[in-house]
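What follows is a single structure, written as structure tokens, with notes after it.
The values are calculated or read from the model by the stated rules, or taken from the named source; none is laboratory data. As the structure is a prediction and not an experimental result, all values here were calculated from the model. Note that each Cβ is placed from the backbone with ideal geometry, even for glycine, and that neighbours are counted across all protein chains shown. The area values use the complete protein model at the heavy-atom level, side chains included, leaving out ligands, DNA and RNA. Shrake-Rupley method; radii C 1.70, N 1.55, O 1.52, S 1.80 Å.
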Amino acid sequence: MDDLRGRVAVVTGAASGIGRALALGFAEQGCRVVLADVERDPLDETADLVTTTGVEALAVRTDVTDAESVEALAAAAVERFGVVNVLCNNAGVGGGGLIRNAQLVDWRWVIDVSLWGVIHGLTSFLPHLIRSGDAHVVSTASVAGLIANPGLGPYNAAKYGVVAIMETLHHEMAADPDANVGVSVLCPGEVRTNIATGQRNRPRHLQRARGERRPSNHEARRRNDAIAAALAAHGKDPAEVADLVIDAIRRRRFWVLSHPEYLRDVQHRNESLHRMENPTLLRPLFT
Ligand SMILES: NC(=O)c1ccc[n+]([C@@H]2O[C@H](COP(=O)([O-])OP(=O)(O)OC[C@H]3O[C@@H](n4cnc5c(N)ncnc54)[C@H](O)[C@@H]3O)[C@@H](O)[C@H]2O)c1
């Protein structure tokens, strides 16, 4: 897709961080932008920022864990603009802690948002993207979808899942004569966003039970603090990441890595797999 002017781009997780930067990046390219997020006020703020660039924006409060909510988002986008050309399945939440200390609600919440959110997005939007005749879909995974670091079990599971789904979709779209849909997966390293306070959006029914069976989640808090410190100290500007995504859409490039230096860790992992040696880490993250 060479020219983004006038296209309709949908971004989930658009109220903050990478999603907000994507929405503003698309606006600068002259796209009409549909913004989706669970957080109403910052979502409206992003929509205001988008409209000040002179393009149309539609903000739809959306919970990506809920298939009906995402279906309603797609319906609202098509009703307003008649077409959808670009979808960014970007909403996601982190949350660390050792698997031995994890409760089922920890797995459920992270996988509901970060993996099921992508599945819901593809289910509701692919028919519209294909119908548009010229489309692109990007899902936000992570370097945690390429290397499995300790302390991030649910997040790693979700993000490996996102990479697998997008690779599959890439092959399927490339082989489909009826579909003109480019596919990308964004695997960021550290980016300066609000991800370390993602617990703010955790629903009540998926809060951790106190004092039951599992030991305290002190380790998870320590790890989260380490992640927050790393993002603040050397996280990339989300606008730089948005530029990489827009460039990948233009060039139809599948892999979008904000920190290509992590490819050394991926190579290390793949080489030990090739030799059928037990996994080791080149360097542990966020310890
Ligand atoms: N920041 C990083 O260093 C980093 C690194 C790798 C991957 N990522 C990924 O980037 C994506 C964007 O995260 P970010 O870093 O910008 O964090 P962020 O917290 O700043 O933004 C995430 C947005 O998702 C929204 N969200 C949360 N739950 C939702 C739900 N159920 N439905 C709809 N929206 C929901 C939040 O309200 C928030 O606006 C995520 O998928 C994250 O996993 C971030």
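Quick one: which residue in Arg40, Arg100, Arg80 is out of contact with any Gly (no Cβ under 8 Å at 6 or more places or on another chain) and under 30 Å from Leu285 (Cβ atoms)? Give the steps one after another, and end with the answer.
Numbers: Arg40 fails: under 30 Å from Leu285 (Cβ atoms); Arg80 fails: under 30 Å from Leu285 (Cβ atoms).
After ruling out the rest, the residue left standing is Arg100.
Does Ser69 satisfy the condition of being surrounded by fewer than 23 Cβ atoms within 10 Å (Cβ to Cβ), without any contact (Cβ under 8 Å) to a residue 60 or more places away in the chain, out of contact with any Leu (no Cβ under 8 Å at 6 or more places or on another chain) and polar (S, T, N, Q)?
Spelling it out, Ser69 is indeed surrounded by fewer than 23 Cβ atoms within 10 Å (Cβ to Cβ), without any contact (Cβ under 8 Å) to a residue 60 or more places away in the chain, out of contact with any Leu (no Cβ under 8 Å at 6 or more places or on another chain) and polar (S, T, N, Q).
Among the residues of the stretch 179-198, what is the count of those that are more than 15 Å from the chain's Cα centre (by Cα) and either modelled with pLDDT of 95 or more or surrounded by 14 or more Cβ atoms within 10 Å (Cβ to Cβ) (or both)? Can you show your working first?
Step one: filter the stretch 179-198 for residues more than 15 Å from the chain's Cα centre (by Cα), giving 179-182, 197.
Adding the requirement that they be either modelled with pLDDT of 95 or more or surrounded by 14 or more Cβ atoms within 10 Å (Cβ to Cβ) (or both) leaves 179-182.
The number of residues fulfilling the criteria is 4.
Could you please tell me which pairs satisfy a Cβ distance under 8 Å, a separation of 6+ or placement on different chains, a first residue in the stretch 96-121 that is at positive phi, and a second residue that is crowded, with 18+ Cβ neighbours inside 10 Å?
Gly97/Asp106; Gly97/Gly151; Gly97/Gly153; Gly97/Asn217; Gly97/Ala220; Gly97/Arg223
For a quick check of your reading: which strands (runs of 3 or more DSSP E) sit entirely within the stretch 1-73 and have at least 3 residues that are of a type in the set (A, V, I, L, M, F, W, C) and within 14 Å of the ligand (Cβ to nearest atom)? Give the derivation first.
Details: elements: 8-12, 32-37, 57-61.
Counting at least 3 such residues, we get 32-37.
May I ask you to list pairs of residues, at least six apart or on different chains, whose Cβ atoms are under 7 Å apart, with the first in the stretch 191-206 being closer than 16 Å to Ala14 by Cβ and near the ligand (Cβ under 6 Å from one of its atoms) and the second being of a type outside the set (A, V, I, L, M) and assigned to a loop (DSSP other than H, G, I, E, B)?
Close Cβ pairs satisfying both conditions: Val191/Gly235; Val191/Ser258; Thr193/Ser16; Asn194/Ser16; Ile195/Gly94; Gly198/Gly94; Gly198/Gly95; Asn201/Glu39.
From the list Ala164, Ala232, exactly one residue is at pLDDT below 80, out of contact with any Phe, Trp or Tyr (no Cβ under 9 Å at 6 or more places or on another chain) and within 16 Å of the ligand (Cβ to nearest atom). Which is it?
Numbers: Ala164 fails: at pLDDT below 80.
Answer to the selection: Ala232.
Tell me, please, whether a residue that is touching a helix residue (DSSP H, G or I) at 6+ places or on another chain (Cβ under 6 Å), open to solvent by 20 Å² or more (accessible area, probe 1.4 Å) and β-branched (Val, Ile, Thr) can be found in the stretch 120-136.
no
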